1. Leu105 to Asn200: extension gain in nm, 0.36 nm per residue of separation minus the Cα-Cα distance?
2. I'd like to compare 45-58, 90-103: which one has the highest average count of other Cβ atoms within 10 Å, and what's the full order after that?
3. Could you give the size of the charge dipole of segment 1-80 about its Cα centre, using +1 on the Cβ of each K and R and -1 on the Cβ of each D and E, expressed in debye and rounded to the nearest 20?
4. How much net charge surrounds Arg220 when only the other residues with a Cβ under 13 Å from the Cβ of Arg220 are counted, with Lys and Arg +1 and Asp and Glu -1?
5. Rounded, prolate or oblate for segment 171-221? Axes are the square roots of the Cα gyration tensor eigenvalues, ordered a ≥ b ≥ c, and the cut-off for rounded is a/c under 1.5.
6. From the phi angles alone, apply the Karplus equation (6.51, -1.76, 1.60; θ = phi - 60°) to segment 33-39 and give each ³J(HN,Hα) in whole Hz, x where the residue is Gly or Pro.
7. Would you mind checking which residues have amide H under 5 Å from Trp32's amide H? H placed 1.01 Å from N; only 5 or more apart, or other chain.
8. From largest accessible area down, sort Glu226, Glu136; use a 1.4 Å probe on the protein chains.
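The values are calculated or read from the model by the stated rules, or taken from the named source; none is laboratory data. What you see is a predicted model, and the numbers here were worked out from it, not measured in a lab. Ideal geometry is used to build each Cβ from the backbone, glycine not excepted, and the neighbour counts take in all protein chains shown. Note: areas computed on protein heavy atoms with side chains; ligands, DNA, RNA excluded. Shrake-Rupley method; radii C 1.70, N 1.55, O 1.52, S 1.80 Å.
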Amino acid sequence: MCGRTACTLDPEEVSRASRYRNRHGQRRQPRWRDGDADKYRPSYNKSPQSFSPVLLSQRHFDKDASVDECVVAAMRWGLIPSWFREDDPRKMQYSTNNCRSESLLDKKSYKDPFLKGQRCVILADGFYEWRRQGKEKQPFFIYFPQSQRPQTLKRSESETDKWTGWRLLTIAGLFDCWKPPGGEEPIYTYTVITVDASPNLQNIHDRMPAVLDGEADVRRWLDFGEVKSSDALKLLQPTNILTFHPVSSLVNNSRNNSPECLQPVDPQAKKEPKPTASSKMMMSWLKDSSSSKRKEPSICDATTREQQPKAKEDLKSSGTLENWLKSASKKARID
């Protein structure tokens, strides 16, 4: 399963970090769908019902657009089927946060959008999962390994330059558009597709998100015009390249939204552990990040913006990852 993620980049960085290649191999930087950049809030601890950045074909919003032209949208986690007729999504009798790949075609809530080509890619720094240890559960943060020390691009550099910051996870998902019966604004929502856990994650949990590894897989998943549903299903496989580290139980409470949620810890020892090359790499990029546009996360990534604190003084855990890392003294081993 997947019940918590993190995405700490600001809207501009999300757009740059999610560059893709179209059918002709040309690199493109997706723009945000009109107004959606304001709906998204960076967060160290995203839970269902919050808004996340999602990459999908522009054709879903503009029938004249090419299918392989992509756009970033802010969608709410927890799919609401288009055919749902109640006036309040909270009246749904079942959870749609996750969708098992094996039964995707057995349930109308997922089968309909899948056959309509409503495939999307959820963008995240990584996701959290819990391993049961006796009566307790140890949380872990899981993400793509970074092959080299990333550095944020300078503003003076050309827009054609490749993004060399943190590599975002690209998770396969499905989305739908629900129109409230009262005539309010349509709501776009998504579900995370899950598969059996890869060998290196099985000791944490038996399920994992269906991660798309590489631009080719991302393009094929999103290109519903060229890639048939039967072929798209073949892309939903366990990914055995993810890395992870244990984190504090602070992340257990979805209201906790601070850099400490990502801080590596050693659950077996109270003394300060030695950092490894992988942990140094992760911390180094976040520490050196100098974006002036990164939004401050709220203490709670709520369902609606009205539920979020509006003033910086209300943010008990204000400050970006790089600010926290400058003062952090504890580092832990990455498994």
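1. Extra length from Leu105 to Asn200 when fully extended: 31.4 nm.
2. Packing proxy ranking, top to bottom: 45-58, 90-103.
3. 260 debye
4. Cβ neighbours under 13 Å give a net charge of -1.
5. oblate
6. 4, 3, x, 6, 4, 7, 7
7. So Trp32 has HN proximity to Val72.
8. Order by accessible area, largest first: Glu136, Glu226.
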